[in-house]
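A short worksheet on the structure shown next.
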Amino acid sequence: MYENNATLRRRDLLIKLSRLLFEDKLISHIDRIAVQMFPKRSDSSTRCCIYKSRAIIKYRTMAILGFSIEDEYDELMPLSKYAQMALEREKVEFPILTVIDEACSSCVKANYVVTNVCRGCFARPCMMNCPKKAISMHDGQAKIDPAKCVNCGLCMKACPYHAVIYVPVPCEESCPVGAITKDELGLEKIDYSKCIYCGKCTRECPFGAIMEKSQIIDVIKQLKSNKKVIAIVAPAVVGQFPAEFEKIVSAIKQAGFADVVEAAIGADITAVKETAEFKERIAHGSEFMTTSCCPAYTEAVKKHVPELEKFVSATHTPMHYIAEIVRKKYRDAIAVFIGPCVAKRKEAIENPYMDYVLTFEELGALFVAKGIEVGQCDQASIENPAQRIGRMFPVSGGVTCAIKETLGTDNGFNPVLIDGLSKQSVKTLKTYAKGACPGNFVEVMSCEGGCVAGPGVLSNPKIAAVKVKNLTK
Amino acid sequence: MKKITIKICTGTACYVLGGANILMLEDYIPGEIKDIVGIEGSACLELCKQSQYGKPPFVVVNEKVITEATVPKILDYLNKLTGKDL
């Protein structure tokens, strides 16, 4: 689910808040937004009523201001107060995501539902085979009691009419590691001891109930101050606007950033170091090595497949190397990473050289709020361009390509690609750790398609991938 | 049949607020009218600066401005225009 009303609502709010902050009206106007969007007697609400819609706008705004909805202790605290607190905040903190409980519709309590295809047959294999006696007959059709159902699925297998269907809970279904589950009220909760920050739940929830805690307020505050703010752009940026890379760079500068640095320069370093490491590991008899550039993947290894840890490359991520370079050049500047990724927020909090992270979506909102027309910007000259190799990273298979080219002649390089983390591919990784890896180099991308398909992108991933590939031909 | 020109605004506001996906419109145009439909991306049409047109993203089909455009909304209008049930 890329383009949907929840995504558009979030972008609309990001633009509204950014605009208010640029115009110095954030605190005075923020409490009016929800009422302006849903005035009295308007029928534009898709929820039960305008009051619920307004409440959810309030919570979405809280998330954009960078707060956890879970921390709310005074329901009467106005957004202006939160805005004040956001502007006074020195740094961003864990956690990275937040669940808007008011928006969570606490989807189906049991994953199995009997449809009206049920004939109320004589054999009744669903009832006979249900281990929890959760099925009873009502008006000639079977019914599952969600309080008793344990989601084993035997009834679905047993029904000859295929009258029982599986209804997923989208956020739980999308989570590769089972980190999001219902609490006793049926509302979703994220278990941060399991969460890998992949961001899949944020885009799969059809109610838009899971949001990132944005740092856009913090970044705009710095842009408005007299500090130097440096943008480190992920290589996927080239496909995110309908304009050339040089114009995008120029637009970022126009937004107030003092310099724009390609994270792909860090990826160039990662590629060289990782290639050397690969050669050494294989020479020392290691069966295989996996990439380490995707932070959601390395988090998944740490928390869910620790037996794989010794096979993960010890080479640092592109962000690590580029942050070091930027910090050397600009000692007192504010470093902002701009990318498609939720997990990078976690990586940045742990990296002493990084200050903030914006998604491409937030960058787009910033442009709109400032009235910057990317297509009409000048072509900036890129003073310190990255190499082809580093710019390949954001499309699945790109890292493999980069390592292969750096290796030069094919010395037994046998790559395998895990394109997207899912419950299934996490299981596959477990088998690799046990010796079932079919190659000696494994590229793992949490997002199917690579970073160009990350949760924070603006463009259709297919179009974006073509643009990345054109630049690295 | 007369030619139909579809102009998709690729200004930043339109692009961010949903226009990015409308650029895939060509894939959804039914084969039977493909020959008479011309799709072009356009630099900012400045419709976002005039409040009477409503909200982005904007698409202009011949002379008609479609606001808060989506692929299905455009296809609907093409139905009306061609008098066909595509």
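The one condition from (1) farther than 26 Å from A:A296 by Cα; (2) of a type in the set (D, E, K, R); (3) over 21 Å from the mean Cα position of the chain (by Cα) that A:D71 does not meet is (1).
Within the span defined as the stretch A:66-74, one or more residues are at pLDDT 95 or above and hydrophobic (A, V, I, L, M, F, W, C). On inspection, A:K157 does not qualify as under 40 Å from the mean Cα position of the chain (by Cα), over 30 Å from A:E299 (Cβ atoms) and in a loop (DSSP other than H, G, I, E, B).
Exactly one residue among A:I50, A:I15, A:I56 is over 21 Å from A:I210 (Cβ atoms) and aliphatic (A, V, I, L, M), and that residue is A:I50.
One line per residue, one yes/no per condition, for (1) within 14 Å of chain B (Cβ to nearest Cβ); (2) of a type in the set (D, E, K, R); (3) in contact with a Leu (Cβ under 8 Å, 6 or more places away or on another chain):
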| site | (1), (2), (3) |
| --- | --- |
| A:T7 | yes, no, no |
| A:K25 | no, yes, no |
| A:H29 | no, no, yes |
| A:R32 | no, yes, no |
| A:K40 | no, yes, no |
| A:R54 | no, yes, no |
| A:P78 | no, no, no |
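What do you reckon, is A:G420 within 14 Å of chain B (Cβ to nearest Cβ), under 29 Å from B:N21 (Cα atoms), open to solvent by less than 20 Å² (accessible area, probe 1.4 Å) and under 26 Å from the mean Cα position of the chain (by Cα)? Judged against the criteria, A:G420 is not a match. Close contacts from the stretch A:374-396, counting a first residue that is within 21 Å of A:Q254 (Cα to Cα) and open to solvent by less than 90 Å² (accessible area, probe 1.4 Å) and a second that is polar (S, T, N, Q) and not in a loop (DSSP other than H, G, I, E, B), with Cβ to Cβ under 7 Å and a gap of 6+ residues or different chains, come to A:V374/B:T12; A:C377/A:S250; A:C377/A:Q254; A:A380/A:S250. Output the residues belonging to the stretch A:256-275 that are open to solvent by less than 10 Å² (accessible area, probe 1.4 Å) and either under 21 Å from B:C9 (Cβ atoms) or part of a helix (DSSP H, G or I) (or both). Of everything in the stretch A:256-275, those that are open to solvent by less than 10 Å² (accessible area, probe 1.4 Å) and either under 21 Å from B:C9 (Cβ atoms) or part of a helix (DSSP H, G or I) (or both) turn out to be A:A264, A:G266, A:A267, A:T270, A:A271, A:E274, A:T275.
Condition (residue is over 16 Å from A:I100 (Cα atoms), crowded, with 16+ Cβ neighbours inside 10 Å and among the aromatic types (F, W, Y)) applied to the stretch A:59-71: is it met by at least one residue? No: the stretch A:59-71 contains no residue that is over 16 Å from A:I100 (Cα atoms), crowded, with 16+ Cβ neighbours inside 10 Å and among the aromatic types (F, W, Y).
A search for C-beta distances below 8 Å between a residue of the stretch A:345-369 that is closer than 19 Å to A:K328 by Cα and away from chain B (no Cβ under 12 Å) and any residue that is of a type in the set (S, T, N, Q) and assigned to a helix (DSSP H, G or I), counting only pairs 6+ apart in sequence or on different chains, returns A:D355/A:Q222; A:Y356/A:Q222. Please go through the stretch A:60-74 and pick out each residue that is assigned to a helix (DSSP H, G or I), in contact with a helix residue (DSSP H, G or I) (Cβ under 8 Å, 6 or more places away or on another chain) and not small (G, A, S). Within the stretch A:60-74, A:R60, A:T61, A:M62, A:I64, A:I69 qualify.
For the structure I just gave you, tell me whether A:T98 is in contact with a Ser or Thr (Cβ under 6 Å, 6 or more places away or on another chain) and either open to solvent by 70 Å² or more (accessible area, probe 1.4 Å) or in contact (Cβ under 8 Å) with a residue 12 or more places away in the chain (or both). The answer is yes for A:T98. Just one of the numbered conditions (1) within 13 Å of chain A (Cβ to nearest Cβ); (2) in a helix (DSSP H, G or I); (3) open to solvent by less than 30 Å² (accessible area, probe 1.4 Å) is not true of B:C44: (2). Does the stretch A:442-452 contain at least one residue that is surrounded by fewer than 20 Cβ atoms within 10 Å (Cβ to Cβ), more than 14 Å from the chain's Cα centre (by Cα) and either within 14 Å of another protein chain (Cβ to nearest Cβ) or within 25 Å of A:G285 (Cα to Cα) (or both)? No. Within the stretch B:1-14, being open to solvent by less than 10 Å² (accessible area, probe 1.4 Å) and facing another protein chain (nearest Cβ under 7 Å) holds for B:G11, B:T12.
The number of residues in the stretch A:195-231 that are on the phi > 0 side of the Ramachandran plot and crowded, with 24+ Cβ neighbours inside 10 Å comes to 2. Only residues that are more than 14 Å from chain B (Cβ to nearest Cβ) and open to solvent by 30 Å² or more (accessible area, probe 1.4 Å) were counted across the stretch A:243-255, and they come to 2.
Residues being away from chain B (no Cβ under 14 Å), outside any helix (DSSP H, G or I) and open to solvent by 40 Å² or more (accessible area, probe 1.4 Å) are represented in the stretch A:305-319 by at least one member.
The values are calculated or read from the model by the stated rules, or taken from the named source; none is laboratory data. Because the structure is predicted, anything quoted here is derived from the model rather than measured. Heads up, the Cβs are rebuilt from the backbone with ideal geometry, glycines too, and the neighbour counts pull from every protein chain shown. Accessible surface areas use protein heavy atoms only, side chains included; no ligands, DNA or RNA. Shrake-Rupley method; radii C 1.70, N 1.55, O 1.52, S 1.80 Å.
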